[in-house]
C-alpha cells in the first residue's frame, strides 16, 4: 500500500472511516490535497527539489530510507531535532483497528520521510524538505496486549530507583512516535500529519522535544556535548561495528521482535545552578573525564581507554570510584547500551533561569540484561546524581522495520 | 570593557557584586572559568574552530558583528532558532543598577556572539559555535521610567483589538533579550549565560521559542512558510533598499532612540484543525495568494504586484475585500512594517494534536503610525481572523547599537 500513487488515497480514507471524510467540507479539502500531492510528487530521480521550485539544498533534501529490516532512527546518525510523542490507545481499539492504524501511520511515514506529502496532507509544501527525517514507532505493553501478542519480558516500567522523581506526564504510554530531522519545520509538520491520522485511535499522552548541534555546526561524528558542557556518549557502540548487532537488535525474544530493539527514554532534569557551584576539577572528578576534550582523567584523548588502577601521588584512584565513568562501566561484556540522547531546554517557571536537561534515550536488545544493571550501579553511587533527577521514564519495544508492502508492527498484528 | 582580556573579569565581578562572588566555592569556579575562557579564546585569525578542536564548519563558525550603529538581529537575515525572553526588573533596581546590568549583559553578548565564552562562563566549550548568534535588547516602558528617560510616545501596550485574547504570561515586560542563532545548543547556552547575569536585577516574566527552516534546508532569501503552509512575509521592506531605513529606524523620537527601532511581538495561536477544514481555493481566497508559490491571485509569481481591480467573470474581485492581502495593504506610503516572525509548536494539551502558531515580530520606526493602522484594518475585517487568535502582545523600544567601549542603552542611562 505504501507504494501506491497518491490518487488512490481517497478510497483508502473511505475504507478506514466509512465514508465520513467524503461528507461536507472535508471532502473538498481531502481531494484537493490529493490532487496537489500528485502535482508535488518527487520527480523520477527521487529528489523533491525540482518540485519545490527553490533549488536543491544539501540539508533539506537529504533522505533516510524508511523501509528495511530495522526501523530508521536508531542507527541513523542523530539529527538536530527530535520529538518523542507517546499516545494512549482509545478503549475501543482492538487488533483490527490497531492494524488499520499502523498501516496508515506507516504509509504516512513512508511518504513524509521521502519528501512526499502524506495522503490528505493539507500543507503538502511543508513536506518537501525531508532533512533526514525519520519516524520510528515503539510499542508499550498496552499496545502489545491489545494486539493479543506476547510481550518481551522486559516490556514494563523500569524497577523503581532511589534517584527517581517520576511524573506521569512524562512516563509510559501505549504507542511511541519518535521523529527526528535536521529541520524543525519538518518535524512540526510530520508530527502533525501523524497525530492527525492517529487521533481516531489514540490520544496524546506526552510530547517531548530535544535538540543537538545543527547540521553543519560541528564536525560529523563528534560526540554530543550536553548542557553541563560534558561530552556525552563517548563510549557508545558504533553502528556497523562487530558487536553492535548483538547489543542492539533483539535476539531470543518473541518472534515478532526479530530485527527490533528496545528503547529506554528517561527525562533527566539537570540542576544547572547547582552544577555552576562546582569548579572544573570538581566537575571532572564527578564525571571521570576532562570537560574540554572528554579524555578520561588517566588519558590524553577522548577515546583512550580509562585506567581505573591508576593512583594519584597520595594514593587515591585518579578516576574516583564514585565517578560517572567508573560507575557506568561494567565488567560484564554484554552489559552495554547504545545511547542516542538529546538536550532539552524549556521555558523556566517560578523565578528560575533554566528548565533544562537530557532526554536520555538508549537502545538495547534486552532492557533487563543491559540497561537495568548499569542504572542500578548508578543509582547506588554516582556523584552526578547530585545534580541530575530522572523525572520521566518509559520503555518501548521498537519492532523491526517493514517492506514497501507491509507496515511497522506487521509481525505482531 | 568589552574588549578587555578574560583575565580581568574577576575584578569586574568584584566591582559589580561587592566581592560576594569571591567568597566560598563560587570563587574557584569563576576563576577556573576565567582561566579556561582565556585558553579557549579565538585565535588571531578570528575563528573559534581551532580552539574548538573539531575543524571549521560553515554553519557553526558564522559570525554576526555585535557592535555597530544598530543592534544586530533586526537586519540580520533570520536565523533558524529564536528565543524572546522578557524580564521584570526587581523593585530595587535604580538607574545606577540598570547601568551595571546593561554593561554586563552587553559585554556577555559581545563575547558570546563572537564565539568567545562570556566572563564566568562555566561551560565555555558551548560558546564556541556562534552559528550567526545575535543578542538584541529591548526596553519596555518600565525600564525607561526606571532610567529616568523620556519614552517614545508609542512605548506602551497596543490598544485593545477585538480579536485579542491576551494572556499576561505572554505579554509585556521591562527588558527583552532576543536571541537568534542557526544552532539550538548555541541559543540555549547564550540564554542561560545572559539570564544568570541578569538575575540579580530582574526575573524572567516569559520565554518564547520559535523556529524557521534550518540553515541549508532551503534556498537563501526564500520567504518563510508558516504552519498554515502560507508563504508569510512576501511584501517586506528589504534591508539596504531605498526606504528601509526610513521605515525601520527611529526618527523624530527622543534622542536616545536615534539608530533604534520598535518591536511589536505578538503570539498568534493558529487553529490548524479549523484550517484543515478549509479547501485550497478557500484558503487561497482568505489569503489572496496562491499557497503553492505565494503569487497574488491576479499574478503569476510571488513578488508580482496584486491587481485589486481585477474582477472574476461574474463580477466579483479576484482578490476579495476580506482577504488578508487586501486588508493588510495600505494606500498610505509610510504605513509599512518590517516583519521577522517565527513559527512556534509546543506540546499539545488536553486531547489536542497541536499547539502551534506564529511569533509575529515586526520592526518599525513608529508603532502608532505604522503598525496600529494596519492591525486595526485586520481587526475589523480579515478572513484569517477566523483561524488566528493573538494570545500574547508586547511592545519594546529597541535602542541603537553600541561601540566596543559602550553598552546597549548607553544613550539612555
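Looking only at segment B:214-237, count every residue that is assigned to a loop (DSSP other than H, G, I, E, B) and in contact with a strand residue (DSSP E or B) (Cβ under 8 Å, 6 or more places away or on another chain) and tell me the total.
Number of matching residues: 9.
Restricting attention to segment A:382-389, does a residue exist that is closer than 20 Å to residue A:245 by Cα, modelled with pLDDT of 95 or more and part of a strand (DSSP E or B)?
No: segment A:382-389 contains no residue that is closer than 20 Å to residue A:245 by Cα, modelled with pLDDT of 95 or more and part of a strand (DSSP E or B).
Can you give me the ranges of the helices (runs of 4 or more DSSP H) entirely in segment B:238-295 with at least 2 residues that are over 30 Å from residue B:69 (Cβ atoms)?
Answer list for segment B:238-295: B:272-276, B:280-287.
Considering every residue within segment B:262-275, establish whether at least one is surrounded by fewer than 22 Cβ atoms within 10 Å (Cβ to Cβ), farther than 24 Å from residue A:124 by Cβ and more than 10 Å from chain A (Cβ to nearest Cβ).
no
If you check B:133, B:126, which single one turns out to be touching a residue at least 24 places away in the same chain (Cβ under 8 Å) and closer than 21 Å to residue B:77 by Cα?
After applying the criteria, what remains is B:133.
Out of the residues in segment A:218-232 meeting the condition of being in contact (Cβ under 8 Å) with a residue 24 or more places away in the chain and crowded, with 19+ Cβ neighbours inside 10 Å, tell me which one is nearest to the other protein chains (Cβ to nearest Cβ).
A:229
When you check residue B:408 against the structure, is it over 15 Å from residue B:163 (Cα atoms), within 14 Å of chain A (Cβ to nearest Cβ) and either part of a loop (DSSP other than H, G, I, E, B) or under 17 Å from the mean Cα position of the chain (by Cα) (or both), yes or no?
no
Scanning segment B:322-353 for residues that are part of a loop (DSSP other than H, G, I, E, B) and within 14 Å of chain A (Cβ to nearest Cβ), which turns out nearest to the chain's Cα centre (by Cα)?
B:341
Mind listing just one residue for me: the one in segment A:98-115 that is out of contact with any strand residue (DSSP E or B) (no Cβ under 9 Å at 6 or more places or on another chain) and closer than 19 Å to residue B:276 by Cβ and, of those, farthest from the other protein chains (Cβ to nearest Cβ)?
Residue satisfying both the conditions and the ranking: A:107.
Does residue A:254 count as surrounded by fewer than 21 Cβ atoms within 10 Å (Cβ to Cβ), touching a strand residue (DSSP E or B) at 6+ places or on another chain (Cβ under 7 Å) and within 26 Å of residue A:370 (Cα to Cα)?
Answer is no for this residue.
Pull up segment B:386-406, narrow it to residues that are within 30 Å of residue B:283 (Cβ to Cβ) and out of contact with any strand residue (DSSP E or B) (no Cβ under 6 Å at 6 or more places or on another chain), then point me to the one that is surrounded by the fewest Cβ atoms within 10 Å (Cβ to Cβ).
Looking at the filtered set, the residue picked out is B:386.
Mind listing whichever residues of segment B:190-211 are within 23 Å of residue A:131 (Cβ to Cβ) and more than 7 Å from chain A (Cβ to nearest Cβ)?
Correct list: B:209, B:210.
This table checks each residue for (1) over 20 Å from residue B:408 (Cα atoms); (2) modelled with pLDDT under 95; (3) within 17 Å of the chain's Cα centre (by Cα).
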{"residue": "B:231", "(1), (2), (3)": "yes, yes, no"}
{"residue": "B:241", "(1), (2), (3)": "yes, yes, no"}
{"residue": "B:266", "(1), (2), (3)": "yes, no, yes"}
{"residue": "B:269", "(1), (2), (3)": "yes, no, no"}
{"residue": "B:282", "(1), (2), (3)": "yes, yes, no"}
{"residue": "B:286", "(1), (2), (3)": "yes, yes, no"}
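Within segment B:303-321, which residues are surrounded by fewer than 17 Cβ atoms within 10 Å (Cβ to Cβ) and assigned to a loop (DSSP other than H, G, I, E, B)?
Result: B:303, B:304, B:305, B:307, B:309, B:310, B:312, B:313, B:314, B:315, B:316, B:321.
Could you count how many residues in segment B:160-187 are facing another protein chain (nearest Cβ under 7 Å) and free of Cβ contacts under 8 Å to residues at least 40 places away in the same chain?
Number satisfying all stated conditions: 0.
What residue, of A:336, A:329, is surrounded by fewer than 18 Cβ atoms within 10 Å (Cβ to Cβ) and within 25 Å of residue A:389 (Cβ to Cβ)?
A:329
Kindly evaluate residue A:409 against the criterion of being crowded, with 18+ Cβ neighbours inside 10 Å and under 28 Å from residue B:203 (Cα atoms).
no
Can you confirm whether segment B:52-71 contains a residue that is surrounded by 15 or more Cβ atoms within 10 Å (Cβ to Cβ), at pLDDT 50 or above and in contact with a helix residue (DSSP H, G or I) (Cβ under 6 Å, 6 or more places away or on another chain)?
Among the residues of segment B:52-71, at least one is surrounded by 15 or more Cβ atoms within 10 Å (Cβ to Cβ), at pLDDT 50 or above and in contact with a helix residue (DSSP H, G or I) (Cβ under 6 Å, 6 or more places away or on another chain), which makes the answer yes.
The values are calculated or read from the model by the stated rules, or taken from the named source; none is laboratory data. Since the model is a prediction, treat every value here as computed from it, not as a measurement. Backbone-built Cβ (ideal geometry, glycine too); neighbour counts: all protein chains shown.
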